[in-house]
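K.L.:
Please find one structure pasted underneath; my questions will follow.
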Amino acid sequence: MAHILVIGGSKGIGLEAVKRALEKGHRVRAFARGAERLRLTHDNLEKRNGDALKSEDVAQALVGIDAVIQALGVAAGPDMVLRKVHLFSGATAILVPAMEKAGVTRLIAVTGFGAGDSKASINCLQRLPFRALLGRAYDDKTIQEDIIRKSELDWTIVRPGVLTRGPRSGTYRVLDDPATWRNGIISRADVADFLVDQIDSDIYIRQKPVLIRLPL
């Protein structure tokens, strides 16, 4: 079993990844600014407070780690629409060289459908509201992806569709061919299931699959 660092492990996809990794027998270090508030206890769980934008916090969190799941998120609201987002690219610009220095090679990073070259697959009806509501965040996720792709790490970039609170179904679709990329809905629990499965798999190394369960 691996020792996994989950960056953004206190809520959302990150929290679901922590739960799923523990279910599968891994040791987990949940890293977040509010990790101590995580209402989860397990013998294989370590809660590590830290800031993904502070290099010293990230370097310390990587000690003894076999693989990293990066599942950062920003709260929806006016700030995300009106202000430039830099969390995803800023944290990744710190994480990648820290992993290379520490000799931790496996990175599974969550971005989203609409980041990078998947942007071209957004249909015309979805494009305008997507840009209005999420454009700044996804511009930064595109930069995040570029940083990861240019690294020497064994990376997988995971692009989920519209996220829901539903349970893990195990019936989601992995769209690894750009010709099949499309938007859809998927639960955070299903995304987490895929993330954790990549710890022991090399099928999607240096690939950027889109994840959906049902199309929009």
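K.L.:
Residues in segment 153-172: is at least one assigned to a helix (DSSP H, G or I) and either among the β-branched types (Val, Ile, Thr) or on the phi < 0 side of the Ramachandran plot (or both)?
P.N.:
no
K.L.:
I'd like the full set of residues that are touching a strand residue (DSSP E or B) at 6+ places or on another chain (Cβ under 7 Å) and under 22 Å from ARG188 (Cβ atoms), limited to segment 93-119.
P.N.:
LEU95, ARG106, LEU107, ILE108, ALA109, VAL110, THR111, GLY112, PHE113, ALA115, SER118
K.L.:
Let me ask something else about it. Take segment 84-130 and flag every residue that is in a helix (DSSP H, G or I), among the aromatic types (Phe, Trp, Tyr) and at pLDDT 90 or above.
P.N.:
Answer for segment 84-130, where residues must be in a helix (DSSP H, G or I), among the aromatic types (Phe, Trp, Tyr) and at pLDDT 90 or above: just PHE88.
K.L.:
Failed condition for SER55, given (1) polar (S, T, N, Q); (2) more than 24 Å from SER187 (Cβ to Cβ); (3) free of Cβ contacts under 8 Å to residues at least 24 places away in the same chain, with all others met?
P.N.:
The single condition SER55 does not satisfy is (3).
K.L.:
If the Cβ limit is 6 Å and pairs must be 6+ apart or interchain, which residue in segment 24-52 that is acidic (Asp, Glu) pairs with which residue that is crowded, with 19+ Cβ neighbours inside 10 Å and not in a helix (DSSP H, G or I)?
P.N.:
Close Cβ pairs satisfying both conditions: GLU36/LYS47; GLU46/ARG29.
K.L.:
Given the condition outside any loop (DSSP other than H, G, I, E, B), among the charged types (D, E, K, R), closer than 23 Å to ALA2 by Cα and modelled with pLDDT of 95 or more, answer yes or no: does some residue in segment 63-83 qualify?
P.N.:
no
K.L.:
Mind listing just one residue for me: the one in segment 135-151 that is at pLDDT 95 or above and acidic (Asp, Glu) and, of those, farthest from the chain's Cα centre (by Cα)?
P.N.:
ASP146
K.L.:
I'd like to verify a number: residues in segment 173-206 that are part of a helix (DSSP H, G or I), without any contact (Cβ under 8 Å) to a residue 60 or more places away in the chain and over 20 Å from ALA120 (Cβ atoms), how many?
P.N.:
3
K.L.:
Next up: Mind counting the residues in segment 2-45 that are touching a helix residue (DSSP H, G or I) at 6+ places or on another chain (Cβ under 9 Å), of a type outside the set (Gly, Ala, Ser) and under 15 Å from ILE65 (Cβ atoms)?
P.N.:
12
The values are calculated or read from the model by the stated rules, or taken from the named source; none is laboratory data. Remember, it's a predicted structure, so these values are computed and weren't measured experimentally. Reconstructed Cβ throughout: ideal geometry from the backbone, glycine too, with neighbour counts over all protein chains shown.
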